[in-house]
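Values quoted throughout were computed directly from the atomic coordinates according to the rules given, and no laboratory measurement underlies them. Everything quoted here is computed from the prediction, not taken from an experiment. All Cβ positions, even for glycine, are placed from backbone atoms using ideal geometry, and neighbour counts span all protein chains on display.
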Amino acid sequence: MTDGKMTWREAVTYMREYNRKHGFKCGNPPDKFVTIVAVMKPESFTKEYSLEERSYAFSNNNKAFLDGMGGYSIFSYCLDGIDNGVRLEGYVDEEGGGGVWKVDYCYIKSED
């Protein structure tokens, strides 16, 4: 991580490690929260969007970051306040997984 920026993979790893460190898992959900913002590359979209419109926040209470959960979901909201409940795992291209959105960088927005 440089200048507070991290890759998508680093952000996912950070969330998982944070939850493990605090003992959060299936049956013991988080009571301390981390919010990370993923900023998508402009070329991920067919029209031009502002930085705020391309930025999606998500927290460590998603199934993808909790050991023992029976699923892999990452719900997020757009910083513009319009696009809420977006399942990032379905849009983000995770290591060639076929998603159409390319992450430019991520950063920690807040941490309890």
Residues whose modelled amide H sits under 5 Å from the amide H of V103, counting only those 5 or more places away in sequence or on another chain, are K41, D93
Cross-link partners among aspartates and glutamates for K63, C-alpha distance below 14 Å, same-chain residues fewer than 8 apart left out? E17, E89
Write out the GluC sites (Glu not before Pro) in the range 8-112 meeting two conditions: DSSP loop, and at most 10 other Cβ atoms within 10 Å of their Cβ. E48, E95
From phi via Karplus (6.51, -1.76, 1.60), per-residue ³J(HN,Hα) for the range 6-22 in Hz, x at Gly/Pro: 9, 7, 4, 4, 5, 5, 4, 4, 4, 4, 5, 5, 4, 5, 5, 4, 9
Note to self, the chain gives a 222 nm [θ] from helices alone (DSSP H runs n ≥ 4, -39500 (n - 2.57) apiece, / all residues, nearest 500) of -4000 deg cm²/dmol
The chain - charge dipole about Cα centre, Lys and Arg +1 at Cβ, Asp and Glu -1, debye rounded to 20: 340 debye
Fraction of alpha-carbon pairs over 18 Å apart in the chain - percent: 47 percent
Once amide hydrogens are built 1.01 Å from N within the peptide plane, the residues lying 5 or more places from D67 or on another chain with amide H under 5 Å from its amide H are C26
Which net charge results when you count Lys and Arg as +1 and Asp and Glu as -1 among the other residues whose beta-carbon is under 11 Å from that of E53? -2
Placing +1 on each Lys and Arg Cβ and -1 on each Asp and Glu Cβ in the range 8-111, then taking the dipole about the Cα centre, the residue among S50, M69, N84 whose Cα reaches farthest towards the positive end is M69
